[in-house]
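Enquirer: This is the structure I want to talk about, given as structure tokens.
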Amino acid sequence: MPILNVNGKSIPVDAEPETPLLWVLRGELKLVGTKYGCGKGLCGACTVHLDGEAVRSCVTPLEAVQGREVRTIEGVQCPQIDALRQAWTHVDVVQCGYCQSGQLMAACALLKRSPRPSDEEIDAAMSGNLCRCGTYTRIRAAIHVAAATAGRTP
Amino acid sequence: MANIKRRHLILGTVGVVGALVIGWSAAPQRRRLLTDKPLAVGQGQVALNGWVKVSADNTVTVMMSQAEMGQGAQTGLAMLLADEMDADWAQVTLEQSTLDAIYNNQAVLIDGLPFQPNDHGLAKRATGHLLGKIIRAVPGLQGTGGSSSLTDQWLPLRQAGASARAMLIGGAAALWQVPAGECRAENGRVLHASGKSATFGELAQRAAQMPLPKEVTLKTPAQFKLIGQGVRRIDNATKLDGSATYGIDVLPPGLLYASITMCPTVGGKVASFDAAAAQVLPGVRKVVKLEPAKASSVMPGSTCGGVAVIADTPFHAMRALTKVAIGWDHGAAAALSSDSISSDLKAALDGAEGKVHLETGRIAQALQSAAKTIEAEYRVPFLAHATMEPMNCTAQFKDGVATVWAPTQAAGFASGAVAKALGIPESKVDIKVPYLGGGFGRRYLTDFVVQAALLARETQGAPVQLLWSREQDMAHDYYRPTYLCRCKAGFDANGKLTAWKTTSAGSSMGMPAFMDQSTDGASNTAYAFPNARVAHVTVESAVPVGIWRSVAHSQNAFFTESFVDECAAACGQDPVAFRAELLGADERHKRVLHRAAEIANWQQPLGPAPDGAKQGRGIAIHRSFGSVVAQVAEVSITEQRQIRVHRVICVIDCGVPVNPNLIRQQMEGAIVFGLSAALRGEITIDKGQVQQSNFNNYAPLRMSESPAIQVDIIQSADAPSGVGEPGTPPIAPAVANALYALTGMRLRTLPLKFA
């Protein structure tokens, strides 16, 4: 039985190796914070961290994550996540909220790579994440806010 | 969004309860304060009326009948009650209401009456009054649409809050043996002049013993503490840690998963299927054929028939579904195409003058005597809703009771539809409404709820979650209809506009002729045209159509505001000055128009875009759902003739701005939603099938394409009007007008593109 290392726990998973990670998370593990949007890696709603990098779990088979660390919105470990959540709240980003798990996971990965990103870097990193509520400009603003606060020495 | 539906509702409602109307004039008007059955309460909790419960731990629970799909209504509504109650906002929580007549959405129905928005005449008031009585008596009409939630509950929730406050004060006065007039409420406590104080929780039991106040005095705007403040959304926290529960997240024990494929041809169904190869796959429990599902009890049309696989995991259901061999009955629409529908619209306009929706002055004479006329033909395509969360529903049918977790805008209709599908009384249906991952009108229909209910018959009492794939969601929507509109204007020798004539063709979405709302936003225009005729020819096709954020306003604002711009150009006038003159004595519209122009520095030349590209700007103004919105778009085009929108200025008058943060969010969101449609949105049909399947070929705007948006809210003391939809209609014409200003080319077809 494949072992999945997710959110810091090793969990045996009763699923075929070709099962997309998204459906293992949602179906087997009941980690439903990661969302289904397109099934083709087109919208980013299913974004999780694989060894700290943002990946689309809907097109990532279970067999591809063996021995690697998966983090979802429920157990995200990233130095900037608190700052991001605070900034999201401060800027009033959320509307329906369905895409926001994926947005936050993508934003975390961006700040890890580039702690003080420019607008262009943010656009490049985040344009794979769709939001039908149109929260884009607030997401961009919130990433700047988070970058500024996370950058400060505590 | 429920413009269309609500017309049907009126009919349907009158049909259902027509007999009850007799004798009502003598009956006292029922107030929207107490539910038919008392609210269920927990340990240490009391209900002070049908809208609010107070717990010993000081929690104030607001009964919430409206769905949260991103529009922020739940936060805004809770603010109304909490403000009048003087509750501590930090102690306010929400609970889904039951289905009861006090929660019926009256505004969405009365607003949908076929009268001019400025008509406050006797006939409208009398009809509204009668309808109000009907709605107050019939449960199951609660719904979230038509940008109406705050309009509808503006008074009931505030009265409920004020009533609860009076009872808490009464309870405190009795406890302290002091006159109630010496007590006041503040931030979740009742205080007495002597310095005594008690929390709402401490007073709850006593308050519940107090009689309902006969009269309550509502706060004046100056006394509001929450209303008017940019209070943070109540749903923020759970939407940032993955714990918010949407339709696809409900996890009742023993949950099974279902995946469905429906006939790809509109109006089609299953002719035959062979499930042998699917049934032997791991985890598969059952393969079920589903007949076409009605759009809803009040909307025409139905969703294609299909085959669903029920399995133990989502992946097992999806995988097995691909192994089911299905023979489709493609039905009558197998030859349908976008071109054939287009030809039908053109033929309709060639052959008919249309049904007149607005006629003022003498249009024929005015056109005949005009010194100059201009003509133009506009076109808009079908559009999908493409909510981020695809259609889904979870249902359990056990011991004759159906429990349904439905991400729906229409809990009342969903309940009725499930009862009908399962042949059980509505009292045996329990509808639970989780968060909606977007709605935009699609979730006012109940087809997917019925499908889930029917699947729940097949699982021996186990709950089953039906999830449509993105491809199924795209191909089985109820689309914003395609329209063609011909416009003609006449000018006198001095260049003054003297005649305005538009005739559109397209689906009336099944409305009977006398309730046709196809020209919403065109026939009930704010412009004081001296001679005008607005007409419509109904042309139906087999493509399912429905209500899409702002309904008919989405196309009619494009036609009207683009052609008004053409008229301004034809007589060499500035677009803002031309509109202001046409608006005549309508000061509300003119205030919004001029404010937008002022913020945009309309009188000053527009500089280049940040990257140096030459920019053009355009303006549009449109009223929908009671609110007036003006937008100025600043655009440029790339060397490859790609359109870029850099900045949008948006001014709204929506009555009292209950929560400016939410209003700004909705304006921004509605603009991005409308821009996605204006720049790229198009559903096309070939061989009776929708050709778009996913976000690669129906591609909403992405962050890199999203303009800067600056929102300004007009201060007003009028009752709140709509916010969720009114930001969408003006953006397409504002961009088209900006492109004209930039290039001199008039784009008259959506999506906008240079050939």
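The values are calculated or read from the model by the stated rules, or taken from the named source; none is laboratory data. Only a predicted model underlies this, so the values are computations on that prediction, with no experimental measurement involved. Note: ideal-geometry Cβ built from the backbone for every residue, glycine included; neighbour counts use all protein chains shown.
Enquirer: Only one of (1) buried (at least 24 other Cβ atoms within 10 Å of the Cβ); (2) within 14 Å of chain A (Cβ to nearest Cβ) is not met by residue B:472, so which one is it?
Expert: So the condition that residue B:472 fails would be (1).
Enquirer: Residues being more than 18 Å from residue B:395 (Cβ to Cβ) and in contact with a strand residue (DSSP E or B) (Cβ under 7 Å, 6 or more places away or on another chain): count how many of those fall in the range B:470-484.
Expert: 10
Enquirer: Which residue pairs have Cβ atoms under 7 Å apart, sit 6 or more places apart or on different chains, and have a first residue in the range A:116-134 that is farther than 16 Å from residue B:707 by Cβ and in the same structural domain as residue A:92 (by TED's automatic domain parsing) and a second that is charged (D, E, K, R) and surrounded by fewer than 24 Cβ atoms within 10 Å (Cβ to Cβ)?
Expert: Partner pairs satisfying both residue conditions: A:130/B:702.
Enquirer: Out of the range B:261-282, which residues are surrounded by 21 or more Cβ atoms within 10 Å (Cβ to Cβ) and within 14 Å of chain A (Cβ to nearest Cβ)?
Expert: Within the range B:261-282, B:261 is the sole residue that qualifies.
Enquirer: On to the next question. Among the candidates A:141, A:146, single out the residue that is farther than 26 Å from residue A:51 by Cβ and either facing chain B (nearest Cβ under 10 Å) or small (Gly, Ala, Ser) (or both).
Expert: Exactly one residue qualifies, and that residue is A:141.
Enquirer: Going through B:551, B:539, B:534 one at a time, which residue ends up being outside the structural domain of residue B:594 (by TED's automatic domain parsing), within 28 Å of the chain's Cα centre (by Cα) and over 22 Å from residue B:726 (Cβ atoms)? Don't jump to the end; show me each part of the working.
Expert: Numbers: B:551 fails: over 22 Å from residue B:726 (Cβ atoms); B:534 fails: over 22 Å from residue B:726 (Cβ atoms).
Sole residue among the options that is outside the structural domain of residue B:594 (by TED's automatic domain parsing), within 28 Å of the chain's Cα centre (by Cα) and over 22 Å from residue B:726 (Cβ atoms): B:539.
Enquirer: Name the residues in the range B:440-451 that are more than 14 Å from chain A (Cβ to nearest Cβ) and in contact with a Ser or Thr (Cβ under 8 Å, 6 or more places away or on another chain), would you?
Expert: The initial filter retains those residues of the range B:440-451 that are more than 14 Å from chain A (Cβ to nearest Cβ), namely B:444-451.
Of everything in the range B:440-451, those that are more than 14 Å from chain A (Cβ to nearest Cβ) and in contact with a Ser or Thr (Cβ under 8 Å, 6 or more places away or on another chain) turn out to be B:444, B:445, B:446, B:447, B:448, B:449, B:451.
Enquirer: I'd like to check something: does the range B:347-360 contain any residue that is touching a residue at least 60 places away in the same chain (Cβ under 8 Å) and closer than 25 Å to residue B:244 by Cα? Reasoning before the result, please.
Expert: Here is the first cut: in the range B:347-360, the residues touching a residue at least 60 places away in the same chain (Cβ under 8 Å) are B:348-349, B:352-360.
Still in the running and closer than 25 Å to residue B:244 by Cα: none.
No - not one qualifying residue is present in the range B:347-360.
Here's the yes/no breakdown for (1) within 26 Å of the chain's Cα centre (by Cα); (2) β-branched (Val, Ile, Thr); (3) modelled with pLDDT of 50 or more:
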position: B:1; (1), (2), (3): yes, no, no
position: B:5; (1), (2), (3): yes, no, no
position: B:11; (1), (2), (3): yes, no, no
position: B:15; (1), (2), (3): yes, no, no
position: B:18; (1), (2), (3): no, no, no
position: B:21; (1), (2), (3): no, yes, no
position: B:46; (1), (2), (3): no, yes, yes
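Enquirer: Can I ask one more? Can you tell which of B:693, B:676 is part of a loop (DSSP other than H, G, I, E, B) and within 13 Å of chain A (Cβ to nearest Cβ)?
Expert: After ruling out the rest, the residue left standing is B:693.
Enquirer: Report whether or not residue B:204 is more than 14 Å from chain A (Cβ to nearest Cβ), of a type in the set (Gly, Ala, Ser) and surrounded by fewer than 20 Cβ atoms within 10 Å (Cβ to Cβ).
Expert: Answer is no for this residue.
Enquirer: Follow-up. Just checking, how many residues over the range B:305-323 are of a type outside the set (S, T, N, Q) and either outside any strand (DSSP E or B) or under 25 Å from residue B:750 (Cα atoms) (or both)?
Expert: Selection size over the range B:305-323: 11.
Enquirer: Of the residues A:105, A:126, which is more than 7 Å from every other protein chain (Cβ to nearest Cβ) and in contact with a helix residue (DSSP H, G or I) (Cβ under 7 Å, 6 or more places away or on another chain)?
Expert: Matching residue, one of A:105, A:126: A:105.
Enquirer: Applying the selection to the range B:439-475, what residues are basic (Lys, Arg), more than 19 Å from residue B:298 (Cα to Cα) and under 22 Å from the mean Cα position of the chain (by Cα)?
Expert: B:470
Enquirer: Scan the range B:725-751 residue by residue and report those that are surrounded by fewer than 19 Cβ atoms within 10 Å (Cβ to Cβ) and touching a Leu at 6+ places or on another chain (Cβ under 6 Å).
Expert: Scanning the range B:725-751 gives a single hit, B:751.
Enquirer: Right, next: Can you tell me which of (1) out of contact with any Phe, Trp or Tyr (no Cβ under 8 Å at 6 or more places or on another chain); (2) facing another protein chain (nearest Cβ under 7 Å); (3) part of a loop (DSSP other than H, G, I, E, B); (4) over 27 Å from residue B:314 (Cα atoms) is the one residue A:78 doesn't meet?
Expert: (2)
Enquirer: Looking only at the range B:634-647, how many residues end up being modelled with pLDDT of 95 or more and either part of a strand (DSSP E or B) or of a type in the set (Asp, Glu) (or both)?
Expert: Residues meeting the conditions: 9.
Enquirer: Still on this structure: Any residue at all in the range B:175-190 that is closer than 26 Å to residue B:661 by Cβ and not in a loop (DSSP other than H, G, I, E, B)?
Expert: For the range B:175-190, residues closer than 26 Å to residue B:661 by Cβ and not in a loop (DSSP other than H, G, I, E, B): present.
Enquirer: Is the range B:217-236 home to any residue that is free of Cβ contacts under 8 Å to residues at least 60 places away in the same chain and within 13 Å of another protein chain (Cβ to nearest Cβ)?
Expert: Looking for residues that are free of Cβ contacts under 8 Å to residues at least 60 places away in the same chain and within 13 Å of another protein chain (Cβ to nearest Cβ), one finds at least one in the range B:217-236, hence yes.
Enquirer: Within the range A:34-58, work out how many residues are crowded, with 24+ Cβ neighbours inside 10 Å, small (Gly, Ala, Ser) and at the interface with chain B (Cβ under 9 Å from one of its Cβ atoms).
Expert: 2
Enquirer: Taking residue B:671 as the residue in question, decide whether it is in the same structural domain as residue B:606 (by TED's automatic domain parsing), at pLDDT 95 or above and closer than 24 Å to residue B:341 by Cα.
Expert: no
This table checks each residue for (1) in a strand (DSSP E or B); (2) over 32 Å from the mean Cα position of the chain (by Cα).
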site: B:573; (1), (2): no, yes
site: B:588; (1), (2): no, no
site: B:597; (1), (2): no, no
site: B:606; (1), (2): no, yes
site: B:632; (1), (2): yes, no
site: B:649; (1), (2): yes, no
site: B:652; (1), (2): yes, no
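Enquirer: Another one. Say we look at the range A:1-33 and pick out the residues that are under 17 Å from residue A:104 (Cβ atoms) and facing another protein chain (nearest Cβ under 7 Å); which of these is surrounded by the most Cβ atoms within 10 Å (Cβ to Cβ)?
Expert: Checking each candidate, the answer is A:33.
Enquirer: Next question, about the same structure. Does the range B:475-489 contain any residue that is at positive phi and part of a strand (DSSP E or B)?
Expert: no
Enquirer: Among the numbered conditions (1) touching an Asp or Glu at 6+ places or on another chain (Cβ under 8 Å); (2) outside any loop (DSSP other than H, G, I, E, B); (3) farther than 18 Å from residue B:242 by Cα, tell me where residue A:109 comes up short.
Expert: (3)
Enquirer: Can residue B:455 be described as in contact (Cβ under 8 Å) with a residue 60 or more places away in the chain, outside the structural domain of residue B:147 (by TED's automatic domain parsing) and within 21 Å of residue B:306 (Cβ to Cβ)?
Expert: yes
Enquirer: Considering each of B:168, B:175, B:150 in turn, give the residue that is closer than 21 Å to residue B:53 by Cβ and buried (at least 22 other Cβ atoms within 10 Å of the Cβ). If you could, list the steps in order and put the result at the bottom.
Expert: Numbers: B:175 fails: buried (at least 22 other Cβ atoms within 10 Å of the Cβ); B:150 fails: closer than 21 Å to residue B:53 by Cβ.
Step by step, each of B:168, B:175, B:150 is checked, and only B:168 is closer than 21 Å to residue B:53 by Cβ and buried (at least 22 other Cβ atoms within 10 Å of the Cβ).
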